[in-house]
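Visitor: One structure is given below, represented as structure tokens, and several questions about it will come after.
The values are calculated or read from the model by the stated rules, or taken from the named source; none is laboratory data. Just so you know, these numbers come straight off a predicted model, no measurement behind them. FYI the Cβ positions are ideal-geometry reconstructions off the backbone, even for glycines, and counts take in every protein chain you see. The area values use the complete protein model at the heavy-atom level, side chains included, leaving out ligands, DNA and RNA. Shrake-Rupley method; radii C 1.70, N 1.55, O 1.52, S 1.80 Å.
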Amino acid sequence: MENQYQLYEHKAQYYETDQMGIIHHSNYIRWFEEARTDLMDQIGFGYDQMEKRGIIVPVLSVNCEYKSMVRYNDHVYIIPKIEVFNGIRLQISYRVIDKKTNELRAVGESKHCFLSGTNRPVSLKKIAPELFELFDRYTGKDFGSLEQ
């Protein structure tokens, strides 16, 4: 899968900037969600498919550490990595890398759980073993090789 994975690229938009002309800090959280959604689609089981099966994946926490500024019209890669997965919880890390310079712009992580449609915690290993295997297969895999 690593060879087939397409890096998620984002072009910084004018509306994402703040009064100082840099990307407002809140947008990085949105970028993480965009990259996470793209990763899930690319590994073969996106949010839309999960929701059709009655599984939801809420965010429990999210954080971001800013390393250097992103400005309007910059192109960055947002690179997700499944760090922790046990069938009930999921933790994904993110690196925001400048496309032109490869400079690290930000790092972060999000933590999630799997819930049923009635908002009860579920174990993918029990209710969807094929999904458990899919996520387990990609846990710890680096999808962020810029040499692709």
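Visitor: Among Glu65, Glu109, Glu130, which is the only one that is open to solvent by 20 Å² or more (accessible area, probe 1.4 Å), without any contact (Cβ under 8 Å) to a residue 12 or more places away in the chain and among the acidic types (Asp, Glu)?
Guide: Every option except Glu130 fails the conditions.
Visitor: Give the residues of the stretch 84-96 that are aliphatic (A, V, I, L, M) and open to solvent by less than 10 Å² (accessible area, probe 1.4 Å), sorted by residue number.
Guide: Leu90, Ile92, Val96
Visitor: Filter the stretch 2-28 down to residues that are of a type outside the set (D, E, K, R), open to solvent by less than 80 Å² (accessible area, probe 1.4 Å) and without any contact (Cβ under 8 Å) to a residue 40 or more places away in the chain, then give me how many there are.
Guide: Residues meeting the conditions: 3.
Visitor: Test Gly140 against the stated conditions and say whether it is buried (at least 17 other Cβ atoms within 10 Å of the Cβ) and on the phi > 0 side of the Ramachandran plot.
Guide: So Gly140 does not fit the description; no.
Visitor: Right, something else. Just a yes or no: is a residue in the stretch 89-103 touching a Pro at 6+ places or on another chain (Cβ under 6 Å) and modelled with pLDDT of 95 or more?
Guide: So far as the stretch 89-103 goes, yes, one or more of its residues are touching a Pro at 6+ places or on another chain (Cβ under 6 Å) and modelled with pLDDT of 95 or more.
Visitor: Residues that are without any contact (Cβ under 8 Å) to a residue 12 or more places away in the chain, touching a strand residue (DSSP E or B) at 6+ places or on another chain (Cβ under 7 Å) and of a type outside the set (Val, Ile, Thr): does the stretch 79-93 have at least one?
Guide: No, there is no match, as no residue in the stretch 79-93 is without any contact (Cβ under 8 Å) to a residue 12 or more places away in the chain, touching a strand residue (DSSP E or B) at 6+ places or on another chain (Cβ under 7 Å) and of a type outside the set (Val, Ile, Thr).
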